[in-house]
Amino acid sequence: MTEETVQDATDEAVPPAPEPATPAPRRRRAPKQDPLLVADVATARAGVEQIAEPSQIGPGHRVTVEEDRLVVHLFECTLPGYRGWNWFASLARAPRSKAVTVCEVGLLPGEDALLAPEWVPWAARVSPEEKAQEEQDRAEDEAGENAAAEASGGARGASGGDRAPEDRPAAEDGSVPPQEGERS
């Protein structure tokens with residue numbers, strides 16, 4: 001036998017090492033519907049009425065079970081501009097307790113609610129044409145400022161440097177120093 005066949009024979013004889021067994025994921029059971037929480041629509045509506053006028057809460061109502069002893073009551077929102085939105089009140093109770101507690105209230109978008117589009121950075125929103133136009137406008141503004149500065153510089157030299165106090169450069173403390181011949 002050659003060396004190659006001996007190695008091949010030993011590789012076939014040794015079974016591969018077993019992979020470490022990973023525990024099977026535990027199946028999560030569906031939360032139980034709590035009849036006490038589901039039936040307490042009045043408490044849920046009273047919770048929503050703490051943040052909304054009763055006229056803004058529509059007749060549409062549904063309940064979703066989030067966890068054991070935790071449900072969310074959804075009420076239709078009748079505010080203008082909020083078509084498809086729902087007022088919500090989450091209700092919970094402690095084990096073996098009959099006291100229902102309002103955990104949270106608010107306004108949530110529904111499936112057909114009008115939402116703002118996802119935010120896009122400015123650099124991605126601006127087209128190359130708009131960027132070129134902005135650069136051109138900026139260059140024109142700078143050219144206009146430079147021309148105005150040159151024109152005012154030439155006029156100052158011709159008039160002997162007389163400028164109104166608001167045209168003179170301010171000192172570091174913000175005051176305008178008096179010009180020669182002016183009283184301070």
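The values are calculated or read from the model by the stated rules, or taken from the named source; none is laboratory data. As the structure is a computational prediction, the values presented were derived from the model and not from experiment. So basically every Cβ, Gly included, is an ideal-geometry build from the backbone, and we count neighbours across all protein chains shown.
Please work out if Glu49 is free of Cβ contacts under 8 Å to residues at least 24 places away in the same chain and under 28 Å from the mean Cα position of the chain (by Cα).
Values: free of Cβ contacts under 8 Å to residues at least 24 places away in the same chain: yes; under 28 Å from the mean Cα position of the chain (by Cα): yes.
Yes.
Within the set Gln50, Gln33, the sole residue that is in a loop (DSSP other than H, G, I, E, B), at pLDDT 95 or above and polar (S, T, N, Q) turns out to be Gln50. The set of residues in the range 79-121 that are loosely packed, with under 13 Cβ neighbours inside 10 Å, of a type in the set (Lys, Arg) and free of Cβ contacts under 8 Å to residues at least 40 places away in the same chain contains only Arg96.
Applying the set (1) under 27 Å from the mean Cα position of the chain (by Cα); (2) in contact (Cβ under 8 Å) with a residue 40 or more places away in the chain; (3) buried (at least 16 other Cβ atoms within 10 Å of the Cβ); (4) farther than 23 Å from Ala116 by Cβ to Val72 leaves exactly one unmet item: (2).
Number of residues in the range 75-92 that are assigned to a loop (DSSP other than H, G, I, E, B) and in contact with a helix residue (DSSP H, G or I) (Cβ under 6 Å, 6 or more places away or on another chain) equals 2.
Quick grid of which residues meet (1) at pLDDT below 85; (2) part of a loop (DSSP other than H, G, I, E, B):
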{"position": "Leu108", "(1), (2)": "no, no"}
{"position": "Ala123", "(1), (2)": "yes, no"}
{"position": "Gln133", "(1), (2)": "no, no"}
{"position": "Asp137", "(1), (2)": "no, no"}
{"position": "Glu140", "(1), (2)": "no, no"}
{"position": "Ala143", "(1), (2)": "no, no"}
{"position": "Ala151", "(1), (2)": "yes, no"}
{"position": "Glu172", "(1), (2)": "yes, yes"}
